[in-house]
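The values are calculated or read from the model by the stated rules, or taken from the named source; none is laboratory data. Worth saying up front: this structure is predicted, and the values here are computed from it rather than measured. All Cβ positions, even for glycine, are placed from backbone atoms using ideal geometry, and neighbour counts span all protein chains on display. To get the accessible areas, we keep the full protein, side chains included, count just its heavy atoms, and leave off ligands, DNA and RNA. Shrake-Rupley method; radii C 1.70, N 1.55, O 1.52, S 1.80 Å.
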Amino acid sequence: MINTHMKISGPVDEALQEGKAVVALESTIITHGMPYPRNVETALAVQAAITERGAIPATTAVLGGKMRVGLSDDEIDALGQAGDTAIKVSRRDLAFTIAHGTVGGTTVAATMMLAAMAGVRVFATGGIGGVHRGASTTFDVSADLQELARTEVVVVCAGPKSILDLGLTLEYLETHGVPVIGFGTDMVPAFYSRESDFHADYRIDDAAGVAAVMAVRRDLGVGGGMLVTNPIPVEYGMERSVIDAAINTAVAEASAQNIIGKGTSPFLLGRIVELTGGTSLDANIQLVLNNARVAADIAIADSKGQVNSSSSGD
Ligand code: PSU
Ligand code: MN
């Protein structure tokens, strides 16, 4: 009885009925990931980038006791103004936020759940949660990784942010059977920088190539998600030494202030923006837009494949 708890917007519902390309978008990036009003400006610009590319954007959230797929501009503005007074909703929190009628920004994990329930196969964001630095003692591993293991949605991101332990994050994904695709790159990009010390599992250079793998995975019933890592545009990439210095400071502060649990990522994200004098926020916005375009292309390629295979009669 998912429908009792879910409301899909008119445009998204129509697109899904007609087999058109839809791209899911998260809202923790709005409530907890960026400051107001740039969070709202970014969310609207990301939707526009998807529309311009020929797909339908579906921003998700929990509002008024319902999981929502597709929001009005006013609803996005309200989420942006709510900021961190909204609940940061991951798998653990979803039912509580619905039952209590509280406002919730959906993380990558919860957005994957909503997308899968609604029938949306592609999702664009900036960065996913992962294995945090020092996880061997804190056990801080984002529920996003477990969701990628179990829920069949393709997530386009700019690579794990280096607030995380990139190597451990990739090991975790490997253990759980989640492929990490380098989109037009051999290396896994590290969010603010185009490169890291790690190789992607597979390099794919175009959207059709990703859609082809999606189709085979469906045929085989492999299950679970895939992570498409798309490097930040060259002109916005940050010097690794600059961003790493800010991240190291933020991580040390979080530890000194005993910041734990779901508060960790928002604290680090906020401090990094402050420490880089806003440069990292500009970079963050540009990479999300870039991911939205790639996700739209993948969703379009995937929807075309769907039409072709159903029209061939098998
Ligand atoms: N990384 C970013 N920006 C973000 C997030 C992560 O660079 O906004 C958000 C996403 O919504 C992600 C969540 O799903 O933080 C992960 O939080 P946690 O580590 O508590 O699972
Ligand atoms: Mn965590």
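In percent, what relative contact order does the chain have, based on Cα pairs under 8 Å that are 6 or more apart in sequence?
Numbers: 648 pairs, mean separation 61.2, N = 314.
That works out to 19 percent.
Express the C-alpha Rg of the chain as a ratio against the empirical globular expectation 2.2 N^0.38 Å, rounded to two decimals. The partial results should precede the final answer.
Details: Rg = 18.1 Å, N = 314, 2.2 N^0.38 = 19.6 Å.
Its radius of gyration relative to the 2.2 N^0.38 Å reference: 0.93.
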Restricting the count to DSSP beta bridges whose residues both fall in the chain, what percent are antiparallel, rounded to a multiple of 5? 30
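Over the chain, give the accessible area per residue in Å² for a 1.4 Å probe, as an integer.
Details: 13480 Å² over 314 residues.
On a per-residue basis, 43 Å².
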So what's the net charge close to ALA211: Lys and Arg +1, Asp and Glu -1, counting the other residues with Cβ under 12 Å from its Cβ? +1
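Given the rule -39500 (n - 2.57) for each run of at least 4 DSSP H residues, summed and divided by the residues of the chain, what is its mean residue ellipticity at 222 nm, to the nearest 500 deg cm²/dmol? Don't jump to the answer; show the numbers that get you there.
Working: 13 runs with 154 residues, N = 314.
Per the formula, -15000 deg cm²/dmol.
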Calculate the length of the line joining the C-alpha centroid of segment 132-168 to that of segment 65-94, in whole Å. 22
Nearest-10 value in Å² for the accessible area of SER136, using the 1.4 Å probe: 100
Per-residue ³J(HN,Hα) for segment 288-303, Karplus 6.51 cos²θ - 1.76 cosθ + 1.60, θ = phi - 60°, Hz, x for Gly and Pro: 5, 4, 4, 5, 4, 5, 5, 4, 4, 4, 5, 4, 5, 4, 5, 5
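Starting from the Kirkwood Rh over alpha-carbon pairs, what translational D in µm² s⁻¹ does segment 1-120 have by Stokes-Einstein at 37 °C and 0.692 mPa s? Please report the intermediate quantities before stating the final value.
Values: Rh = 13.9 Å.
So the translational diffusion coefficient is about 236 µm²/s.
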By the gyration tensor of its Cα atoms, with a ≥ b ≥ c the square roots of the eigenvalues, what is the shape of segment 90-231: rounded for a/c under 1.5, prolate for a/b over b/c, or oblate? oblate
Using only the Cα atoms of segment 134-181, each taken as one equal point scatterer with no solvent, compute I(q) by the Debye sum, divide by I(0), and report log10 of the ratio at q = 0.21 Å⁻¹. -0.76
Within a Gaussian network of the chain (alpha carbon springs, distance under 10 Å), most fluctuating of GLU235, GLU75, GLU274: GLU235
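In the chain, how many lysine pairs have Cα atoms under 20 Å apart, counting only pairs 8 or more places apart or on different chains?
Working: LYS7/LYS20; LYS7/LYS66; LYS7/LYS88; LYS20/LYS304; LYS66/LYS88; LYS88/LYS161; LYS88/LYS262; LYS161/LYS262.
Lysine pairs satisfying the spacing and distance rule in the chain number 8.
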Candidates ALA43, ALA292, ALA246, ranked by Gaussian network fluctuation over the chain, Cα under 10 Å, top entry: ALA246
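Which net charge results for the neighbourhood of LYS262, defined as the other residues with beta-carbon distances under 11 angstrom from its beta-carbon, given Lys and Arg at +1 and Asp and Glu at -1? If you can, show how the numbers build up before the last one.
Numbers: positive: LYS88, ARG92; negative: ASP84, ASP93, ASP140.
After counting each charged neighbour, the total is -1.
Tell me whether segment 156-314 comes out rounded, prolate or oblate; compute the Cα gyration tensor, take square roots of the eigenvalues as a ≥ b ≥ c, and use a/c under 1.5 as the rounded threshold.
Details: a/c = 2.48, a/b = 1.94, b/c = 1.28.
The shape class here is prolate.
Just to confirm a number: summing +1 for Lys and Arg and -1 for Asp and Glu over residues other than LEU148 whose beta-carbon lies under 12 angstrom from that of LEU148, what do you get?
Numbers: positive: ARG91, ARG150; negative: ASP144, GLU147, GLU152, GLU174.
For residues surrounding LEU148, the net value is -2.
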